[in-house]
Amino acid sequence: MYLDHPRYGNEPIVTNISMTVEAIERAHWHYSRLKYFPNTVILADIEKQNYAIYPRTLYVDIEVQCGACSKAFIFFAQEQQYWFEVLGFWVDSHCTHCFGCRKHARYILTLRKRYDMLANAANKTVSEKTEHKALAKTLYCLGIIKNINKVNG
């Protein structure tokens, strides 16, 4: 069983496009090294991709182990199509973290940016000082801030 993705679910999404294993593995150099689901093919629009030499000519659902939590998840063909054709990610990039871990990382980044902004602000208001201390405590509890003096200071 794979981790659940809020938009795509937790099982490969089967399509009606039939493609040989050889055609799939020619579609992108990385596919031959991965566990993929050959019955999940989506054809790519290479005009919308950001690539240097070789575009991805199609997408397939791929099994990935999260680099943060080590749980198995699917990098869905539909998600790849969105990354590479809408968001403009480099076609050789690869999803290495599950949706939940990516969401958590974005949350921490938001907290860190706000903490840094408040840390560098001159003449903080009382509410900004309170918020800064609360952010420091949260970041300390998450293991981001290692020095307890930054929380108590």
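Here are the numbers:
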read-out: Overall dimensions of segment 21-97 as given by Cα atoms, namely Rg and Dmax in Å; value: 11.8, 35
read-out: Estimated FRET transfer efficiency when R0 is 35 angstrom, pair residue 149-residue 3 (beta carbons, to 0.05); value: 0.40
read-out: Cα-Cα pairs of segment 48-138 separated by more than 15 Å (percent); value: 69 percent
read-out: Sulfur and carbon atoms: percent of accessible area, segment 102-151 [1.4 Å]; value: 57 percent
read-out: Rg and Dmax of the chain, Cα atoms only, in Å; value: 20.8, 65
read-out: Paired Rg and Dmax values of segment 102-151, which use every Cα atom, in angstrom; value: 10.9, 34
read-out: Label-point gap, in nm, between residue 119 and residue 21 - each point 7 angstrom along Cα→Cβ; value: 5.2 nm
read-out: Solvent exposure of the chain as accessible area per residue, Å², 1.4 Å probe; value: 63 Å²
read-out: Computed over segment 14-108: relative contact order in percent, which uses C-alpha pairs under 8 Å that are six or more apart; value: 25 percent
read-out: Listed residues 114, 106 arranged by accessible area, highest first, probe 1.4 Å; value: 106, 114
read-out: Heavy atoms of residue 101 accessible to a 1.4 Å probe, total area in Å² rounded to 10; value: 30 Å²
read-out: Computed [θ] at 222 nm, helices only, for the chain once each DSSP H run of length n ≥ 4 contributes -39500 (n - 2.57); value: -10500 deg cm²/dmol
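The values are calculated or read from the model by the stated rules, or taken from the named source; none is laboratory data. Bear in mind that the values here come from a model prediction, so they are computed numbers and not experimental data. Every residue, glycine as well, gets a Cβ built from its backbone with ideal geometry; the counts of neighbours run over all protein chains shown. Note: accessible area is taken over every heavy atom of the protein model, side chains too, but ligands, DNA and RNA are not part of it. Shrake-Rupley method; radii C 1.70, N 1.55, O 1.52, S 1.80 Å.
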